[in-house]
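The block underneath contains the structure these notes are about, expressed in structure tokens.
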Amino acid sequence: MGIFPDEVILQILARLPVKSLFKTKTVCKLWYRLVSDKYFVKLYNDVSAKNPMVLIETSVPFESKSSLICVDSLRGVSEVSLGFLKDRVKVRASCNGFLCCSSIPDKGVYYVCNPMTRVSKLLPRSRERPITRFYPDGEATLVGLAYDISRNKFNVVLAGYHRTFGHRPDGTFTCLIFDSDSNKWRKFVSHRDDQFNHMNKNQVVFVNGALHWLTGSCSYILALDLDYDVWRKISLPDEVSYGTGNRVYLLDSSGCLSLIQISDAWMKIWVMEDYEKELWHMVDGVSLRCIRGLAPGIFPIAQTGECIFLATHKQVLVYHRKSRVWKEMYSVKNSATLPLWFSAHAFRSTIFPSD
């Protein structure tokens, strides 16, 4: 006879880190059965979705291993290794607990992995040579990962301006899409004149079956519908203004598209209420008075209805929306040259039932 009912035990286990959760399988047959059940897997993933984390990529020059610092508002700071990939990689995109990583020494090699469970897949190479694929340096302008948890399938998107070896770019925008169900790449070509800066390329959001990027001019959102291979432009809220001290960022908010505008004094948050009609609703306005010295350099990374993670040059902050309290979660101790937001990614823990 157990001290707690099974449902209480499940609620407790659903709040453990993945590593600790796997260890509980060895406690007894009951716990092994509970943790392996599909109901628990869904419960764990639902609880995890309400607890956003930030992964900060750290790498040491001339070393083959890449590490991630995991900043968790509930469990603090821990280190996650990508050494199981046996390659020196760079994180290019994050979605629903999975990462898309590209090999640094071997262009055109990509992995999709779950750093918590250490499950990974090496993607097959596309038929096109990397050096002839994209302009200007052979690497995709946009890299996106769309992981559909409900179907346990994913797509990786590589998009950029095409050029043939020895020729100037011809103005075509090439899109390569990997489908995990078919284990193959597909390709389509369009004509686009969109521009993206470094941070716009990094912030890609997967909602409503599409990947979304904010353009470099912050004048609209570019969305790729993965079911029909169609690009779509989405308008920003009418009240959003860019420039003259205002900065705009794109995030996920509990499965909805969200836009955050930051000025020296305020942070305003919009969420898209109706995706088809492109109807936005401003859900919060946050005074930045108490972090005035940091406001010009903060960058939102992840959010839920309860909190927002933001990175500065050397810190990760969390803002609790109900209590309106700011808290420092992580600070770089060494003399890092790049701001933290260059290598910060939204994250969450995700598990799947055992086959």
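Within region 237-246, can one find any residue that is modelled with pLDDT under 95, of a type outside the set (S, T, N, Q) and in contact with a helix residue (DSSP H, G or I) (Cβ under 9 Å, 6 or more places away or on another chain)?
Our first condition is that a residue be modelled with pLDDT under 95; within region 237-246, this holds for 237-246.
Okay, now just the ones that are also of a type outside the set (S, T, N, Q), so 237-240, 242-243, 245.
Now narrow it down to the ones that are in contact with a helix residue (DSSP H, G or I) (Cβ under 9 Å, 6 or more places away or on another chain): 245.
Within region 237-246, one or more residues are modelled with pLDDT under 95, of a type outside the set (S, T, N, Q) and in contact with a helix residue (DSSP H, G or I) (Cβ under 9 Å, 6 or more places away or on another chain).
I need a count of the residues in region 257-275 that are exposed (fewer than 14 other Cβ atoms within 10 Å of the Cβ) and under 23 Å from the mean Cα position of the chain (by Cα).
Step one: of region 257-275, the residues exposed (fewer than 14 other Cβ atoms within 10 Å of the Cβ) are 264-265, 273-274.
Filter again for under 23 Å from the mean Cα position of the chain (by Cα), leaving 273-274.
Qualifying residue count for the region: 2.
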message: Can you tell me which condition Val35 does not meet? The list is (1) under 26 Å from Ile301 (Cα atoms); (2) crowded, with 17+ Cβ neighbours inside 10 Å; (3) touching a Lys or Arg at 6+ places or on another chain (Cβ under 9 Å), and all the others hold.
response: (1)
- request: Would you tally the residues in region 4-21 being hydrophobic (A, V, I, L, M, F, W, C) and touching a Leu at 6+ places or on another chain (Cβ under 9 Å)?
  value: 5
field: Matching option when the condition is under 27 Å from Leu158 (Cβ atoms), surrounded by 13 or more Cβ atoms within 10 Å (Cβ to Cβ), of a type outside the set (Val, Ile, Thr) and at pLDDT below 90, among Ser217, Ser254
entry: Ser217
message: I want to confirm something. Restricting to region 317-335 and keeping residues that are under 22 Å from the mean Cα position of the chain (by Cα) and aliphatic (A, V, I, L, M), which single residue is modelled with the lowest pLDDT?
response: Val332
field: Number of positions in region 222-251 that are part of a loop (DSSP other than H, G, I, E, B) and surrounded by fewer than 16 Cβ atoms within 10 Å (Cβ to Cβ)
entry: 10
field: Positions within region 114-140 being under 22 Å from the mean Cα position of the chain (by Cα) and modelled with pLDDT under 85, in sequence order
entry: Glu139, Ala140
task: Go through (1) at pLDDT below 95; (2) over 15 Å from Ile351 (Cα atoms) and name the single condition Tyr111 misses.
output: (1)
query: Got a sec? Which helices (runs of 4 or more DSSP H) wholly within region 1-49 have at least 2 residues that are at pLDDT 80 or above, closer than 29 Å to Ser81 by Cβ and not polar (S, T, N, Q)?
result: 6-13, 18-24, 38-49
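The values are calculated or read from the model by the stated rules, or taken from the named source; none is laboratory data. Since we're looking at a predicted model, the values are computed, not measured. Backbone-built Cβ (ideal geometry, glycine too); neighbour counts: all protein chains shown.
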